[in-house]
Amino acid sequence: MSSSILLSSGSNAHGQLSNGTVDDSHEFLPCSFYSFPPGTMPPQTRRVVDIASGANHTIILLETYDSSGALQTDIWGCGDGSSGQLGATYKAGEPSAIFRPIELSLGREGLDGHHVKLVSACWETIYVVLDGEGKGDILLSLGSDDFGHLGVGDVNKGKGREITKPFHIVEFRHLTIEGLSFTDATITIQSITSGQRHVVACLQVSWNHGRTRNCMVGWGASRHGQLGIHAKDGRPIPFLSTPSIVYIDDPNDPTTSTALGNQHTVFLHASGKVTALGSNRKGQLNRLENAQRVTSLGCTWNGTYVLVRRDDGNTQILATGSHAHGQLGRKLTIRPSSVNFPSLAPVELDPSSNNGHVSAIACGTEHILALVSGPAEVSGTSVWGWGWNEHGNLGTGTTDNVFVPVKIWPLASKDETQASHKAIAIWAGSGTSWIYATAR
């Protein structure tokens with residue numbers, strides 16, 4: 001049996017927590033996988049590569065060993081697949097409350113020899129990046145085309161319509177940069193990140209003459225300038241249905257990662273500085289330009305969170321944006337208003353964790369998780385959470401919002417699972433939270 005476990009909590013009306021029920025879970029429960037004992041992971045699992053959540057569905061990318069001992073990647077899904085976001089063979093109206101393999105039918109579409117490399121998810125759409133084994137990467141989109149999410153032009157495919165294609169292929173050949181066409185270039189997709197309504201991917205584009213250029217591309221909702229694109233007359237563009245160049249990247253300071261909120265996009269550069277696009281109606285962009293030595297970042301729908309390296313070598317979380325549900329993780333002396341939002345400032349982790357190192361943050365719709373490790377943690381690692389908790393997504397056992405971070409793993413009254421496993425990765429989605437842990 002696998003020595004690792006995956007646990008989830010929160011919103012579960014369509015079975016998107018993969019715990020075998022369709023009831024919200026106010027505490028962390030083990031996930032289940034089709035054809036394996038309940039609450040266990042496939043025994044051949046080496047690690048969880050990524051988890052991505054949409055409105056009511058979840059996809060997971062596992063690295064596993066095949067029968068010969070070689071490593072491979074497998075994509076699984078659970079929850080609502082009625083828009084085709086979990087594949088054409090996933091019957092509409094029959095959500096699965098446990099993870100099942102997603103059938104992509106790559107061979108039938110002439111894509112033999114390709115392997116899943118990256119995954120991401122919008123509201124009712126998912127994205128799968130295939131490694132082309134020296135031929136360049138291929139991006140697949142599955143599901144709803146609201147706001148042009150599929151990235152293939154206006155196909156007008158909505159919920160309830162018969163799903164006949166297993167997936168769509170997102171093209172980049174129509175793009176040019178610095179006068180160079182992508183038509184004959186080899187494209188490597190280095191990352192793909194999704195918000196509720198828009199998508200951004202980082203591409204490495206290589207031409208036969210030896211020139212290589214990194215660039216950001218995006219599509220989906222763009223009314224608030226979150227993709228950095230405006231019409232010639234200056235009016236906002238409601239959405240883009242095919243990828244367009246996002247002119248944010250500096251060749252001398254390339255983008256290393258991105259995070260997307262509901263109506264804003266944040267970019268982390270190699271220098272550790274941050275730039276942002278889109279709406280600031282909730283203060284989600286306030287003074288981000290002042291952040292220095294940033295190592296990673298994340299976005300809720302209406303907030304931005306950056307992990308910065310302190311002088312002592314440890315890290316600290318800074319947050320800005322909406323605090324309606326405690327998302328900023330700190331006590332405020334004034335009530336935020338539409339004209340007076342708090343600015344970028346530290347999240348108030350409990351003093352007992354101050355000597356620890358925040359190694360990762362995960363942002364859901366309006367709640368946040370932090371993975372903390374270091375000398376202050378006797379158990380080696382702990383998970384802290386704060387913000388919106390209507391569905392029990394923080395796993396505290398209640399549905400009360402959390403305004404100052406609390407430890408959610410391991411709990412003081414830890415059970416055998418928490419005592420015997422160490423949390424090593426976290427994810428957060430639409431009212432959902434995920435902890436991946438391995439045996440100590």
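The values are calculated or read from the model by the stated rules, or taken from the named source; none is laboratory data. Values in this document were obtained by computation on a predicted structure and should not be read as measured data. Neighbour counts run over all protein chains shown; Cβ positions are idealised from the backbone, glycine included.
Quick one: which of 304, 256 is modelled with pLDDT of 95 or more and either closer than 30 Å to residue 325 by Cβ or surrounded by fewer than 18 Cβ atoms within 10 Å (Cβ to Cβ) (or both)? Break it down stepwise before answering.
Values: 256 fails: modelled with pLDDT of 95 or more.
Result of the check over 304, 256: 304.
Looking at segment 149-168, can you tell me whether even one residue there is among the hydroxyl-bearing types (Ser, Thr, Tyr) and either at pLDDT 95 or above or in contact with a helix residue (DSSP H, G or I) (Cβ under 8 Å, 6 or more places away or on another chain) (or both)? Within segment 149-168 (the criterion being among the hydroxyl-bearing types (Ser, Thr, Tyr) and either at pLDDT 95 or above or in contact with a helix residue (DSSP H, G or I) (Cβ under 8 Å, 6 or more places away or on another chain) (or both)), the answer is no, since none of the residues qualifies.
Could you please find all residues in segment 239-253 being surrounded by fewer than 22 Cβ atoms within 10 Å (Cβ to Cβ) and either part of a strand (DSSP E or B) or among the small types (Gly, Ala, Ser) (or both)? Walk me through how you get there before you give the answer.
Filtering segment 239-253 for residues surrounded by fewer than 22 Cβ atoms within 10 Å (Cβ to Cβ) gives 239-242, 244-245, 247-253.
Those that are surrounded by fewer than 22 Cβ atoms within 10 Å (Cβ to Cβ) and either part of a strand (DSSP E or B) or among the small types (Gly, Ala, Ser) (or both): 239, 240, 241, 242, 244, 245, 250, 253.
Tell me, which residue of segment 277-299 that is under 14 Å from residue 319 (Cβ atoms) and outside any loop (DSSP other than H, G, I, E, B) is modelled with the lowest pLDDT?
Selected residue: 290.
Could we say that residue 44 is among the polar types (S, T, N, Q), surrounded by fewer than 24 Cβ atoms within 10 Å (Cβ to Cβ) and in contact with a strand residue (DSSP E or B) (Cβ under 6 Å, 6 or more places away or on another chain) here? For residue 44, the condition - among the polar types (S, T, N, Q), surrounded by fewer than 24 Cβ atoms within 10 Å (Cβ to Cβ) and in contact with a strand residue (DSSP E or B) (Cβ under 6 Å, 6 or more places away or on another chain) - is met. With respect to residue 387, determine if the residue is buried (at least 17 other Cβ atoms within 10 Å of the Cβ), at positive phi and modelled with pLDDT of 95 or more. Considered against the rule, which asks whether it is buried (at least 17 other Cβ atoms within 10 Å of the Cβ), at positive phi and modelled with pLDDT of 95 or more, residue 387 comes out as yes.
Among the residues making up segment 306-331, those that are under 15 Å from residue 402 (Cβ atoms) and not charged (D, E, K, R) are 317, 319, 322, 323, 324, 325, 326, 327, 328, 329.
On the basis of being surrounded by fewer than 18 Cβ atoms within 10 Å (Cβ to Cβ), without any contact (Cβ under 8 Å) to a residue 60 or more places away in the chain and either of a type in the set (Phe, Trp, Tyr) or within 21 Å of residue 196 (Cα to Cα) (or both), does residue 236 make the cut?
On the way: surrounded by fewer than 18 Cβ atoms within 10 Å (Cβ to Cβ): yes; without any contact (Cβ under 8 Å) to a residue 60 or more places away in the chain: yes; either of a type in the set (Phe, Trp, Tyr) or within 21 Å of residue 196 (Cα to Cα) (or both): yes.
Taking the combined requirement at face value, the residue satisfies it.
If we scan segment 210-224, do we find a residue that is in a loop (DSSP other than H, G, I, E, B), in contact with a His (Cβ under 8 Å, 6 or more places away or on another chain) and farther than 23 Å from residue 114 by Cα?
Yes, segment 210-224 contains a residue that is in a loop (DSSP other than H, G, I, E, B), in contact with a His (Cβ under 8 Å, 6 or more places away or on another chain) and farther than 23 Å from residue 114 by Cα.
Going through segment 412-440 one residue at a time, which ones are closer than 25 Å to residue 45 by Cβ, in a loop (DSSP other than H, G, I, E, B) and without any contact (Cβ under 8 Å) to a residue 60 or more places away in the chain? Those that are closer than 25 Å to residue 45 by Cβ, in a loop (DSSP other than H, G, I, E, B) and without any contact (Cβ under 8 Å) to a residue 60 or more places away in the chain: 414, 415.
For segment 239-262, a residue qualifies if it is within 23 Å of the chain's Cα centre (by Cα) and free of Cβ contacts under 8 Å to residues at least 60 places away in the same chain, and the qualifying residues are 246, 247, 248, 249, 254, 255, 256. Pairing each residue of segment 356-377 that is surrounded by fewer than 24 Cβ atoms within 10 Å (Cβ to Cβ) with any residue that is charged (D, E, K, R) and modelled with pLDDT of 95 or more, provided the two are 6+ apart or on different chains, yields no C-beta distance under 9 Å.
It is to be established whether one or more residues within segment 184-192 are part of a loop (DSSP other than H, G, I, E, B) and surrounded by fewer than 17 Cβ atoms within 10 Å (Cβ to Cβ).
Of segment 184-192, the ones part of a loop (DSSP other than H, G, I, E, B) are 184-185.
The next check asks that each one be surrounded by fewer than 17 Cβ atoms within 10 Å (Cβ to Cβ); those that pass are 184.
Yes - at least one qualifying residue is present in segment 184-192.
Among the residues of segment 1-37, the ones that are assigned to a loop (DSSP other than H, G, I, E, B) and touching a residue at least 60 places away in the same chain (Cβ under 8 Å) come to 16 in all. Could you go through segment 263-270 and let me know if any residue there is assigned to a loop (DSSP other than H, G, I, E, B), of a type in the set (A, V, I, L, M) and surrounded by fewer than 15 Cβ atoms within 10 Å (Cβ to Cβ). Yes.
Here the condition is being under 17 Å from the mean Cα position of the chain (by Cα) and closer than 20 Å to residue 145 by Cα; of 220, 298, it holds for 220 alone. Scanning segment 40-54 for residues that are within 19 Å of residue 408 (Cβ to Cβ) and part of a loop (DSSP other than H, G, I, E, B) gives no hits.
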